[in-house]
Every structure is written in C-alpha cells, then in structure tokens.
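Asks: Have a look at this one before I ask anything.
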Number of protein chains: 2
Amino acid sequence: MSAVPTIRQLLVRPRLCSIGLNSSSSPFLSYALSLHCCPSSLRVLSSSSSPTLTHEEADGSVGKGSSLIDVNPPRGTRDFPPDDMRLRSWLFQNFREVSRILSFEEVDFPVLESEALFIRKAGEEITQQLYNFEDKGGRRVVLRPEITPSLARLVIKQGKSVSLPLKWFTIGQCWRYERMTRGRRREHYQWNMDIFGVSKVRAEAELIQAVVLLFERLGIKSSDVGIRVSSRKVLQAVLQMYAIPENLFTQVCVIVDKLGKITREEMEKELVSLGVSIKAVNGIIEVLSLKSLSKLEEVLGSEGEAVSELKKLFSLAESYGYADWICFDASVVRGLAYYTGIVFEAFDRQGKLRAICGGGRYDRLLSTFGSDDIPACGFGFGDAVIVELLKEKALLPDLSHKVDDIVFPLDEVLDGTASSIASSLRKKGRSVDLVEDKRLKWVFKHAERIGASRLILVGNSEWERGAVRVKNLSTREEFEVKIDELD
Amino acid sequence: MSAVPTIRQLLVRPRLCSIGLNSSSSPFLSYALSLHCCPSSLRVLSSSSSPTLTHEEADGSVGKGSSLIDVNPPRGTRDFPPDDMRLRSWLFQNFREVSRILSFEEVDFPVLESEALFIRKAGEEITQQLYNFEDKGGRRVVLRPEITPSLARLVIKQGKSVSLPLKWFTIGQCWRYERMTRGRRREHYQWNMDIFGVSKVRAEAELIQAVVLLFERLGIKSSDVGIRVSSRKVLQAVLQMYAIPENLFTQVCVIVDKLGKITREEMEKELVSLGVSIKAVNGIIEVLSLKSLSKLEEVLGSEGEAVSELKKLFSLAESYGYADWICFDASVVRGLAYYTGIVFEAFDRQGKLRAICGGGRYDRLLSTFGSDDIPACGFGFGDAVIVELLKEKALLPDLSHKVDDIVFPLDEVLDGTASSIASSLRKKGRSVDLVEDKRLKWVFKHAERIGASRLILVGNSEWERGAVRVKNLSTREEFEVKIDELD
C-alpha cells in the first residue's frame, strides 16, 4: 500500500505534488493528489522556493475582510467540486460494476471506529499514524486507517446468520494522521473486495480477476500495468530454514516490507535486533530477490504450500485469461501485519507511481479479535494512484455536465407556464434547468457550459398559440412545438 | 429537523426504538433507527425492564473468549450489512436521480471540518452537540453536524470561477455528539440540494419540486405527506410590530422553534430574558398559530415580503402541479440559526414521525464567514425518517441480491474450465458466482439465496463434448449448451 516513489519519480512529477487544490483550474490534478504523494525527500527538492502556491502555503483568503474564514478544508483533506466529483463517481461506478460482475455484495461501516480494532504491535506504518482521539465519553476512537478490521468485526458479529463463502465489497474513506508535509493527504477513498470462507487460492484468483477487469474497463492494458504476486509463506519457509521462531514472523514481514524505504543496513539492524542472525538476513534477502517461480522451487522445494499455492494461482490465471497481467516477485511482502499467504500488488510498468492496489490472504485475523478464524483474503484499491495513471495514459473520460433541456421564459408573466413545462418534462425523466432573469445571450453561453441539448423558449406570441420555440443545440435547428406535444 | 415524538407515538412503535442492530433479522428496522429516535421520555417507559436486549445493553460478545473485541460499531453508529446497504443505495440512487432531473451537480466535502465553520452563538441544538475534538496538531475539528456551511465555504473558495446560479447537491454523513440514551444515533446520512445566486422564490419552488418528485418516485402520495411552508420574514415582521431590535431576530427564531419541545412557559421565559415583552411573546405565538395565508395577510398586510413571497410560492406551486403537497403553517420556523426567508419541512400527515426533511433560505450565511453574501437556499433530507415512513406505508421495494449465473465444476479437475467459463461470461457483463467444493444440494440452496437466474454445471461427460449443462432456475428447464455458444 505504501511503496515510496524514488527521487527520480518525484522529479518527473514535482508539480503534481505542489499544485493547489482549486479544482476549477485543474480538477483531475487535484483529485490525483495522493495520500502518500510527497515524502520528506520532496521537501529538500522544493524547500528553497516554489513557483506554484501550494495548498498548505496559501492562506486561504479570498476577500479582504480580516474575519474571512479559512475557505480550505482541513489540512490534508479534499473538497470535491462538480468536476472532481464526476470523476470520483465515474471511478466508483466502475468499482461497483466490477464488484457486481464478480457477484460481490456491497457493505459499509462507520468511518469512526474503536481504536482497539487497529491496535497491532508489529510496527506497521498504518498503526503508527492513526487519526485517533478520545470522544467526550472517554472512549478511544479513530478515523479508520483501513477497512479490513471493520469487515472482520462485522463477519464476527453476523456470526452464524451469514452463509460462507461470503463475498463483500465496500468503498470508503480512510484516514491517517501525521505531521503535514507539503501535498501529503490525510484521507483517501478505498475500494475493498474481500472473500471469507475460501481457503484455496481460488479466492485470490477471483480477486485478481476483479482487479484486471477493472483495469480493462478503464482502458488500461497489461503492457501498462502488472500485478506482482508472492506469498508470505515464502518468508515463512525461509524463517523455518533458519530456525527462526514463528512468533517473529509478523514483525519480520513488516520490517522486510520496508526495504526500498529504508536501506539494507537499516533493515539488517532491525532484523538483528529482533534476534535474526546475519546469515538468516542474507538468506531472506536472497530469496526475496527471486523473480521466477521455478527458481523459488529450486530453493524451497516443491512440497511446501508457498510453491504449490503460487503454482496453482498461476495455472488458474491461464484459465481466467489474465496470465499476461501477473508475475511472480518474491520481494512483494506488503506492509500489513495480518497477511498470512498470497500477497499481491498492481504496479505501473513504467515504475513512476506507487502501488495501485494491494491485497492478500489473512487467515488469522479473526483470532486476533478473539473469535474463531475464518480463511479470508481481500484487497484495497485507492482512488489516488489510479487517477494519476489514467491521466498519464490520457484515459480520463469526458465527464462534462450534461443536461437535456433549458426552459427559459422570455417574459416574467410566463414564469408559471415555464414552471409547468419544466415540471412536465421532469416528470418524463428529462433533466431540466429552468432559467429566469437572464439575457438570451447569457442563456446560450450557459447552455454550452452545462451541456444542454435543447433550449425551450417560452415567448408570448408562441404561448398565445399554445406553443413554445425549441432549439436543438447540436444541430442549431429551431421549431415551434405545441406545449402538449413536447417530450 | 427535530420534532419530538409524543409518548403516544412512542407507545405505538416501542420496539422500533429498542430493537437490536443485528440486521440479519431485521434489516429495515435497524436502518430506520433514527438519529432522534428515542427522547428521554422513552427511558421512563422502559426503564423497569425490556424484553428486547438493546444495542446499548448488549455486551457485544459472540464467542466465549474473554478477549473477544466488541463486535458492535462505536455507540450510535451503524454497520451496513448487504441488506441494509442495498436499501441505502436504492434510496441514494433516488436522491441522485431527482437531483439529475433538476439539473443539479453533485459535490462532496470532508466529513471532518474545522470547528470554526459551525460555531454559532444562537443556542441551536445542532451547535451544542458538536462531535468536536482537537487533532494532534492542536486544531479544533469536528465531524460535521450538517453540510450547508461546507457548501458555503466551497462557494466562497471557488469565487469568480463559478457561474451563478449554482445548483449543487450532495449526500453525506452528519454527526452529533451527546450522551447516549437508548437507541439514539450519532450519525445519519443527509441529501442536500442547494441553490446559490437566486434571490426570488423560484429557488424555493424548485427545491420543493425536487422533494415532491422524490416522494412520487418512492410511491408516497400527497395524502401521506405534506410540506409545511412559512417564512422567517413572518417573525421578522412581528418583531418589527413590537419594535424588538433586529439583532435579536436569530435568537428569537431558535427559541420559537423549540415550541413543542419546551413548554410555552419555558419559551416565554427564554424570550423575556432576551428582552422580549410578554405582549410581544403573545403576539408572536398568535401569529405562529396561523394556518392560512389570507389570515396572515390580514395580520401583516399585503405589502411586506413575507406575504408576497409566500403568495408567489403558492402560485408557482399551482403551475408546477404540486399545490396539493404544500400548506402554509406559520409555526414552521426551523431550528437552524441562519435561515432568513422561506422555510419548509415535510411531514407525515398521520403525525407519527419527525420532520422528513427541512430547508429554507439563508441569504446572509456567507457574510457570517467574512465573505460577500449571495442569496441561497437549500434543504437537508435525512436517511432515517423516510425509511421509517416507507416501511410504515409498505413501500419498501424488494431489493434482494440478484446474480445472473452460478458456475459450478462437478469435478476438481474441471476448475480451470470453470474459471474460463466464468471469466468469459463476466467479460460479457454478466454477474457470475463461481462455486467450488460444495455439494450440489448446497449449490441449489445457495442459488436461491443469492437470486441466481442460471446454474451452469461443468461436468466431465459434457465437457468431453465441449459443452456444459445449463439450468434455468426460474423455469427449471435444463439444456446442454456448447461452451463457446454460452452467453
């Protein structure tokens, strides 16, 4: 979920990180400003001077009155003016449509959760940046950093009333709190798909098909994006080879996932302080560098679950027809503590962006909540990186506002007639904008701005004949139409 | 927004208020549990003993392990399991469709806002129950109690880049914090439609049409629901008659709105302590009891804006064709401090429920934020009372889960074939559930549970002929179909 961009990547897109949030000038850029957009390295890059006023630098003043409120939303959060909102709705609609096609049911949870649900001791970034506070009743609550624990909570709560397997999806906002550096965001939206009750890699294969179907719907090709796949069981097997106690597994995973963000030396130090020998560290790093399943089989043998499950997944991928999208990459570990098996992440093949989505199997999460375990896996797919990618590939659709009709009375005494015309068109399901007290010239400009198809002019002379003037705004043709024949 | 149910009403529906939140047994009931469901009076009714365990009383335990987490969401919040979520999505889809028909554009704002946006000193309930806290950076923030101030903030921020009039809608979650009494909720969703830049009552007329269109889409009739309309300018005129200083206007409105929740004596006391004479209090109460526009005209004369705007609105209502939905009722004041003109609220004519939605004109909100004023009006329409009403009128639609196909391999070796069949059907847009490792009997039960239309059995003998068995689950007919002819 949190691969850090390299300095090179940041140099390629510095303005993306420092552009303001005013969407009227750049709706898609502001939308693409991502939760993890600018790590501290960028501060060095642009600390001297920046040609673009950033959201954080702007004082938010619009008028001159000293009492003007800050018109920006709280630091790290976004408004969605109409352009940005259309883009978001379109993206979410695609999330929903793919989920429907895979036969998942939508669920939702409070954005505010009990802190206890997210307290994990493995040192994950996500739990170190909780947006938590105490409510007035003294309860520790949190604006959720992720959705999986809520899903697990609801599965436990529903208990025997749900039938397994259970296939749920949700789209919700997630939060994190950290000291603000420029452009970093404190919230993003995330599409989650999760399957409970399937222990076989069929579940992972289904989830990956969903991700691929989404990409295909958006016009993204397997030459643009790949999905790296590995398994936590690879690391588990390596730990066994070096007789490292099983209770260190989660912590080792979380540390190993940081490679790339921290240096090899730092990682080594962290692992050694856990009690992992240098020899084992080297063994771990060696295995993590493998990019081929047959090489992995050479190292681990073909008997273990790591290899057999990965082989099964790649064979299913052939059957589904998405084999060209996925590749084995042992370095994929993912940063969440609770993954236990297959893990995967989608990445842009140009290597410019952070992971587009990530997921994996978490068969032992429920027991950490005191319940019986149910095999489970899922993924989270954020709303930020995908939009950056679509923008880069020029795949953002034309989402301008569209309206069927503008009804415009040319005389104030006709406002009742205009009302009843608008009303009857609306009852037929047409979208109608009723305009008053404007000049005709303004109305034509307005029609263009809102993408109206027809202009219905309610004038005195036509009205006396029980008619209106209708102008088709694409063909520029004009007709007189009887009011009761309008449709 | 917060008319309090009478004890009689509560007696009619006591279980609605004390029922648990487990949606699997009662999806619609749990959804309908509303923000203001159970006032303190209910505590008296059921403090002795309750046959139904409430959400608040239940300890949330499912298993026996002492370490089981609380499986309930935080107090006063809801999970949305699939049944509840389908209902919510259906409702929101209707909100969106009506907004589209009225040619409004969707926007959104952070659920977390600066507290400053909601600090008003008029004594409103909404500002006394802020879900506020200090973030780690020492900023006062709040889970927004309403959306209008965010809308106004964005309008100011967009400044000259937006063209007026501006018609925006949004659907978002709103929060309030208060000590929990049984069944009260701390969050609800609200549909808002707002128009900026129209000073005439045309704007109110459009908003009321939207509300009526929504009711009509849901199957609600004007014999079920009415919309009470008045104007804050009525009160303003009365204050002028008694020479009450204009700066008391807002506070008087907020106090007067409480009538029904507090006794007349309490209200009198509050007004007198503001500096309003007993004579003026009596005058206010007399005018507020008026239910006819002609009576109002007798008292206030026909010259003032209060009367002329109301008359215009009722005349437009005739033209739109929704006159039978609305009625003048001077007692409607609404509880928000910032309303300045027409105010309205929808109510069930049986008088069992709180207001279904409420809105009005707020021409002077922007200047309280330090910006130039823009005439504006809007309404908020919650997700709770409407669902209670639909349930009562038996208007809730059948929203069961629907799936096109279940693909089921009868033999494990056919899981690849099943994958490719499912994949190709999904690429055609069909929703497909792929089932493995179950008995055929389970699959049939499952098909019923998820509302599947077809069952596709992948068996060895058919597969050898390049075919599958297809069972139409509504007609019970079975065919053998060539795999490459499936669609």
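The values are calculated or read from the model by the stated rules, or taken from the named source; none is laboratory data. Just so it is clear, the model here is predicted, and its values are computed rather than measured. Methodologically, a virtual Cβ is constructed for each residue, glycine included, from the backbone with ideal geometry; neighbour enumeration extends over all protein chains shown. Note: accessible area is taken over every heavy atom of the protein model, side chains too, but ligands, DNA and RNA are not part of it. Shrake-Rupley method; radii C 1.70, N 1.55, O 1.52, S 1.80 Å.
Asks: In what sequence, largest accessible area first, do B:LYS393, A:LYS391 appear using a 1.4 Å probe? Could the numbers behind the result be given before it?
Replies: Working: B:LYS393 60, A:LYS391 90 Å².
From most exposed to least exposed: A:LYS391, B:LYS393.
Asks: Grab the alpha carbons of the protein assembly as shown, take their convex hull, and tell me the volume per residue in Å³.
Replies: On the way: hull volume 187.3 nm³, N = 974.
Expressed per residue, the convex hull around the Cα atoms of the protein assembly as shown is 192 Å³.
Asks: For the range B:149-217, what is the charge dipole size about the Cα centre, in debye to the nearest 20, if Lys and Arg each add +1 at the Cβ and Asp and Glu each add -1 at the Cβ? Display every interim value, and only then the final one.
Replies: Numbers: 13 positive and 6 negative charges, 72 e Å.
So the dipole magnitude of the range B:149-217 works out to roughly 340 debye.
Asks: Rounded to the nearest 0.05, what FRET efficiency is calculated for A:LYS279 and A:ARG96 with R0 set to 45 Å and r the Cβ-Cβ distance?
Replies: Rounded to the nearest 0.05, the efficiency is 0.35.
Asks: Provide a whole-number value for the mean count of partner chain Cβ atoms within 10 Å of the Cβ atoms in peptide B:116-122.
Replies: On the way: counts 2, 5, 0, 0, 0, 0, 0.
Per residue, the number of nearby Cβ atoms from other chains is 1 on average.
Asks: Among DSSP bridges having both ends in the protein assembly as shown, what percentage is antiparallel? Round to the nearest 5.
Replies: 75
Asks: Probe radius 1.4 Å, ligands and nucleic acids left out: which of A:THR475, B:THR77 has the largest accessible area, and how do the rest follow?
Replies: Values: A:THR475 70, B:THR77 0 Å².
Putting A:THR475, B:THR77 in descending order of accessible area: A:THR475, B:THR77.
Asks: Which lysines have a Cα less than 16 Å from the Cα of A:LYS279, not counting those fewer than 8 places away in the same chain?
Replies: A:LYS269
Asks: Okay, moving on. What number, in percent, do you get for the relative contact order of the range B:432-487 if the mean sequence gap of Cα pairs under 8 Å and at least 6 apart is divided by its residue count?
Replies: Values: 53 pairs, mean separation 12.9, N = 56.
This gives 23 percent for the range B:432-487.
Asks: Would you work out what percent of the accessible area of the protein assembly as shown, with all protein chains in place, is carbon or sulfur (probe 1.4 Å)? Working shown, then result.
Replies: Numbers: 19110 of 38160 Å².
For the protein assembly as shown, the apolar C and S fraction of the accessible surface comes to 50 percent.
Asks: Please give, to one decimal in nm, the separation of the simple spin-label points placed at B:GLN129 and A:ARG349, each 7 Å out from Cα toward the Cβ.
Replies: About 5.6 nm separates the two model spin labels.
Asks: Shifting gears a bit: For a quick check of understanding: with a 1.4 angstrom probe and all protein chains in place, what accessible area in square angstrom does A:TRP168 have, to the nearest ten?
Replies: My reading of the accessible area for A:TRP168 is about 10 Å².
Asks: Rank these by accessible area, largest first, 1.4 Å probe: B:ASP363, A:ASP70, A:ASP194. List each step's numbers first, then the result.
Replies: On the way: B:ASP363 40, A:ASP70 85, A:ASP194 0 Å².
Listed by decreasing accessible area, they come as A:ASP70, B:ASP363, A:ASP194.
Asks: Count, for each residue of A:426-436, the Cβ atoms from other chains sitting within 10 Å of its Cβ, then give me the mean as a whole number.
Replies: On the way: counts 8, 5, 1, 3, 3, 7, 4, 6, 7, 4, 5.
Per residue, the number of nearby Cβ atoms from other chains is 5 on average.
Asks: Per-residue Cβ counts within 10 Å, from other chains only, averaged over A:135-147: what number is that?
Replies: 3
Asks: Now, a different point. Compute the relative contact order of the range A:289-386 as a whole-number percentage, counting only Cα pairs closer than 8 Å that sit 6 or more residues apart in sequence. Don't jump to the answer; show the numbers that get you there.
Replies: Values: 119 pairs, mean separation 18.8, N = 98.
Dividing the mean separation by the residue count of the range A:289-386 yields 19 percent.
Asks: Continuing with this model, one more query. In square angstrom, what is the accessible area per residue of chain A with a 1.4 angstrom probe? Please report the intermediate quantities before stating the final value.
Replies: Numbers: 19020 Å² over 487 residues.
Accessible surface, normalised per residue, equals 39 Å².
Asks: Between the range B:124-202 and the range A:343-357, how many Å separate their Cα centres?
Replies: With the range B:124-202 and the range A:343-357 each reduced to a Cα centre, they are spaced 36 Å.
Asks: Here is a further query. Can you spot the lysines whose alpha carbon is less than 17 Å from A:LYS441's alpha carbon? Ignore those fewer than 8 places along the same chain.
Replies: A:LYS471
Asks: Also: If you average the sequence gap of Cα pairs under 8 Å that are 6 or more apart and divide by the length of chain A, what percent do you get for the contact order?
Replies: Working: 805 pairs, mean separation 75.9, N = 487.
This gives 16 percent for chain A.
Asks: Looking at the calculated P(r) for chain A, what percent of the C-alpha pair distances fall above 30 Å?
Replies: Values: 66545 of 118341 pairs.
Summing the P(r) tail past 30 Å for chain A gives 56 percent.
Asks: What's the angle, to the nearest 10 degrees (0 to 90), between helix B:415-427's Cα axis and the longest principal axis of chain B?
Replies: Computed tilt is about 40 degrees.
Asks: May I pose another question? Chain pair B, A: how much accessible area is buried, both chains summed, with a 1.4 Å probe, in Å² to 100? Display every interim value, and only then the final one.
Replies: Numbers: alone 23360 and 23260 Å², together 38160 Å².
Summing both sides, the interface buries roughly 8500 Å².
Asks: Cα axis of helix A:202-217 to longest principal axis of chain A: angle in degrees, 0 to 90, nearest 10?
Replies: It is inclined by approximately 40 degrees.
Asks: For chain B, what is the calculated [θ] at 222 nm in deg cm²/dmol (nearest 500), taking -39500 (n - 2.57) for each run of four or more DSSP H residues and dividing by its residue count? Provide the component values of the computation, followed by the final result.
Replies: Numbers: 19 runs with 181 residues, N = 487.
Counting only the DSSP helices, I get -10500 deg cm²/dmol.
Asks: Taking the highest mean first, how do the peptides B:199-212, A:83-96, B:281-294 order by number of other beta carbon atoms within 10 angstrom per residue?
Replies: Working: B:199-212: 23.4, A:83-96: 18.9, B:281-294: 16.5.
Those peptides, ordered most packed to least, come out B:199-212, A:83-96, B:281-294.
Asks: Total Lys pairs in the range A:130-251 closer than 23 Å by alpha-carbon, pairs eight or more apart in sequence or interchain only?
Replies: Values: A:LYS157/A:LYS167; A:LYS160/A:LYS200; A:LYS167/A:LYS200; A:LYS200/A:LYS233.
Counting lysine pairs in the range A:130-251 gives 4.
Asks: As I understand it, the value is the acute angle between the Cα axis of helix A:232-241 and the longest principal axis of the Cα atoms of chain A; what does it come to in degrees, rounded to 10?
Replies: Roughly 10 degrees between the two axes.
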